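Asker: Take a look at the following structure, please.
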């Protein structure tokens, strides 16, 4: 979280899923997991009887990358992709609330994150327009 905008983005994501307060409570939950816990779960579920092997061959895509993501750095692209996956799952009320929060914070975005903020606003507006036309 290198900036207030990064913090805002994380809070928005958390609010959409389990509530913004998890940004304060989750680290303690993660820290409570021990190596023994990980090994116990791994030994329970990662058995030869539960194993499935898949081989994935990646094909080069002829599809051009999303032009909205071209000017963003890797961290920003990852955050925008996360939002791109989250936004379609929001209902109209959640989407309107999210849009209001993002638009309110745009004025506080540091210049180096302005491109990412613009992309987020564009995504939210597109989804709002689609949700409005679906009614």
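Asker: How far is helix 22-32 tilted off the main Cα axis of the chain, in degrees rounded to 10, range 0 to 90?
Answerer: 10 degrees
Asker: Give me the angle, in degrees from 0 to 90, between the Cα long axis of helix 74-86 and the longest principal axis of the Cα atoms of the chain, rounded to the nearest 10.
Answerer: So the inclination is approximately 90 degrees.
Asker: Mind telling me which of 112, 103, 15 comes out most flexible in a GNM of the chain, alpha-carbon contacts under 10 Å?
Answerer: 112
Asker: Expressed as a rounded percentage, what relative contact order does the range 86-135 have, with Cα pairs under 8 Å and six or more residues apart?
Answerer: Reported relative contact order: 51 percent.
Asker: Another question, if that's okay. Using a/c under 1.5 as the rounded threshold, could you call the range 64-114 rounded, prolate or oblate? The axes a ≥ b ≥ c are square roots of the C-alpha gyration tensor eigenvalues, and prolate needs a/b larger than b/c, oblate otherwise.
Answerer: oblate
Asker: In the range 86-129, which residues have a backbone nitrogen under 12 Å from the label point lying 7 Å from residue 23's Cα in the Cα-to-Cβ direction?
Answerer: Within reach of a label on residue 23: no residues.
Asker: A follow-up question, please. Angle between the Cα long axis of helix 35-45 and the longest principal axis of the chain, 0 to 90 degrees, nearest 10?
Answerer: Roughly 80 degrees between the two axes.
Asker: Give me the percent relative contact order of the chain, please, defined on Cα pairs under 8 angstrom at least 6 residues apart.
Answerer: Reported relative contact order: 30 percent.
Asker: Hey, of (i) 38, 17, 13; (ii) 32, 22, 17; (iii) 34, 13, 11, which did the structure itself give for semi-axes √(5λ) of the Cα gyration tensor in Å when calculated?
Answerer: (ii)
Asker: Between residue 122 and residue 91, what length in nm is gained on full extension when 0.36 nm per residue of separation is reduced by their alpha carbon distance?
Answerer: 9.4 nm
Asker: Provide the FRET efficiency to the nearest 0.05 for the residue 33-residue 112 pair, computing r from the beta carbons and using R0 = 35 Å.
Answerer: For R0 = 35 Å, the calculated efficiency reads 0.55.
Every number in this text was worked out from the coordinates using simple rules, so none of it is lab data. All values reported here derive from a predicted model rather than from experimental measurement. All Cβ positions, glycine included, derive from the backbone under ideal geometry; neighbour counts span all protein chains shown.
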